[in-house]
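I have a structure here, written as structure tokens, and I will follow up with some questions on it.
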Amino acid sequence: MKNLTFATSIICLSVLFKSHLSAQCIPNFPYKDGWMGGDYAISVLLPDERTLWLFSDTFIAPIGENSRKNAVMIANTMAVSSCNEDKWNIRYDWNRKKPDEPQAIFLHNDPSHKYWPADVFISDNTLWVILSDIGPKPEATSDDLFDFKHYGTTIAKIENYGDPISDWLIEYSPWEEDFVPKEWVQGIMHEGYYYVFYSDNDRILLSRLFINDYEERLEYWSEDLSWKRGFNKTDAAVLFTDKVGGSLTYHSEKKEWILIYGPNFLSNRIMYRTATDLTGPWSDPYVLLETEENTPGTHRFKSTNFCYGAHEQNQFNHEDMIVITYDCNSSSIDSLINDLSIYHPRAIHINYPSSR
């Protein structure tokens, strides 16, 4: 289960292309084949126009059961979706090397830690996954719902991602500690660089690097509005101050970036900002959508619900409509186990937000 403190510090970034998918192919995530809900959906378009999805903490139920009551939770899973003749298809998968013991795809070498996927992209015929290293929070009390913390960031590299996941050869490379922010970080491959939004106590800074050589080719956007070598957060320009987490997408036909994020903890508002350049200036935040699951008076509302992780899934955009997903969780374990209307990505088809 994902703590919104972490979720709101993520910037998931992706570049928009012209979608060939039907407007009827809006993502949905049915419970089947043992998959009983996963957290924080991120995706990437595959070369064959299918979509690869990655989820964090996921319920896996015994074969033949359609309930979370006897399910186990594993740190990450995946799915591949397609839409043929306006029919949505999705197949879930995870590490099945031990038939009676479902395991995560990305396994940590420390059994007290786990990996949550934070970003995914394809570059140079290679699948890259940015992983957040999650471990126990030493100061957590016995009744602490969020008894974990972020310890660092690791890059997973899979060159044979077209093979079955049981055959994936995964290379793990931890980011250096002097660059890794206290909270999650994600980026975008854009014009030859991997751009990273860095959250320093909600001050959003910008850096860029070559994914294969980030130690030697790391730069940051400085206060004098130029790129400088290395990373110096005291000299870095502050793009804006906010708790942001979601997706940043470039819309070429509008010639603007849209940052979609939230809801922040105990809020029901998914927000957005716009800019014509990654370096800014960025607009003020505006409300894009209010989530029904934690909005009193709606049929989906429960007082124990909280929502987070808004992402634009840009490969499913159609004309002036965009598709976003978000996730909802519960502070009640009983509700989380028994309420199957939460703890899986919910997709919404909405109008392209207006520029301000």
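Within the range 251-266, identify whether any single residue is β-branched (Val, Ile, Thr) and free of Cβ contacts under 8 Å to residues at least 60 places away in the same chain, and answer yes or no.
no
Looking only at strands (runs of 3 or more DSSP E) that fall completely inside the range 255-356, which ones have 3 or more residues that are in contact with a helix residue (DSSP H, G or I) (Cβ under 6 Å, 6 or more places away or on another chain)?
Ranges flagged: 305-312, 321-330.
Listed here are the residues, each with its yes/no results for (1) of a type outside the set (Asp, Glu); (2) modelled with pLDDT of 95 or more; (3) closer than 30 Å to His190 by Cα.
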{"site": "Tyr250", "(1), (2), (3)": "yes, no, yes"}
{"site": "Ile260", "(1), (2), (3)": "yes, no, yes"}
{"site": "Ser267", "(1), (2), (3)": "yes, no, no"}
{"site": "Arg273", "(1), (2), (3)": "yes, no, yes"}
{"site": "Thr279", "(1), (2), (3)": "yes, yes, yes"}
{"site": "Phe301", "(1), (2), (3)": "yes, no, no"}
{"site": "Asn317", "(1), (2), (3)": "yes, no, yes"}
{"site": "Thr325", "(1), (2), (3)": "yes, yes, yes"}
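Sticking with this structure for a sec: For the range 120-145, which positions are loosely packed, with under 15 Cβ neighbours inside 10 Å and among the aromatic types (Phe, Trp, Tyr)?
Residues satisfying the conditions do not exist here.
What do you reckon, is Pro47 within 26 Å of Leu340 (Cβ to Cβ), assigned to a loop (DSSP other than H, G, I, E, B) and either at pLDDT below 90 or not aromatic (Phe, Trp, Tyr) (or both)?
no
Is it true that Phe59 is surrounded by 14 or more Cβ atoms within 10 Å (Cβ to Cβ), touching a residue at least 24 places away in the same chain (Cβ under 8 Å) and part of a loop (DSSP other than H, G, I, E, B)?
Taking the combined requirement at face value, the residue does not satisfy it.
When you scan the range 143-160, do you find a residue that is at pLDDT 85 or above, among the aliphatic types (A, V, I, L, M), out of contact with any Gly (no Cβ under 8 Å at 6 or more places or on another chain) and not in a strand (DSSP E or B), even just one?
The answer is no; no qualifying residue exists.
Sort out which residues of the range 95-119 are farther than 16 Å from Thr58 by Cα and either of a type in the set (Phe, Trp, Tyr) or surrounded by 22 or more Cβ atoms within 10 Å (Cβ to Cβ) (or both), and write them in order of number.
Within the range 95-119, Asp119 is the sole residue that qualifies.
Listed here are the residues, each with its yes/no results for (1) within 26 Å of Ser332 (Cβ to Cβ); (2) of a type in the set (Lys, Arg); (3) free of Cβ contacts under 8 Å to residues at least 40 places away in the same chain; (4) in contact with a Ser or Thr (Cβ under 7 Å, 6 or more places away or on another chain).
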residue: Tyr92; (1), (2), (3), (4): yes, no, no, yes
residue: Lys98; (1), (2), (3), (4): no, yes, yes, no
residue: Ile130; (1), (2), (3), (4): no, no, no, yes
residue: Pro138; (1), (2), (3), (4): yes, no, yes, no
residue: Thr141; (1), (2), (3), (4): yes, no, yes, no
residue: Gly152; (1), (2), (3), (4): no, no, yes, no
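Does the range 62-104 hold any residues that are in a strand (DSSP E or B) and under 22 Å from Leu131 (Cβ atoms), and which are they?
Result: Val72, Met73, Ile74, Thr77, Met78, Ala79, Val80, Ser81, Tyr92, Asp93, Asn95, Gln103.
Of the residues that sit in the range 220-237 and are modelled with pLDDT of 90 or more and charged (D, E, K, R), which one is farthest from the chain's Cα centre (by Cα)?
The residue in question is Asp224.
While we're on this one: List, please: which pairs have Cβ atoms under 8 Å, are six or more places apart or on different chains, and start with a residue in the range 329-353 that is under 19 Å from Trp53 (Cβ atoms) and end with one that is of a type in the set (Val, Ile, Thr) and not in a strand (DSSP E or B)?
From residues that are under 19 Å from Trp53 (Cβ atoms), the pairs are Asn329/Ile342; Ala347/Ile26; His349/Ile26.
State all residues of the range 218-274 that are buried (at least 18 other Cβ atoms within 10 Å of the Cβ) and among the small types (Gly, Ala, Ser); if no residue qualifies, say none.
Ala236, Gly245, Gly246, Ser247, Gly262, Ser267
If Leu16 satisfies every condition in (1) modelled with pLDDT under 95; (2) crowded, with 19+ Cβ neighbours inside 10 Å; (3) within 21 Å of Leu248 (Cα to Cα) but one, which is the exception?
Unmet condition: (2).
The values are calculated or read from the model by the stated rules, or taken from the named source; none is laboratory data. Keep in mind that this is a model prediction, so the values were computed, not measured. Here the Cβ is made from the backbone with ideal geometry for all residues, glycine too, and neighbour counts use every protein chain on show.
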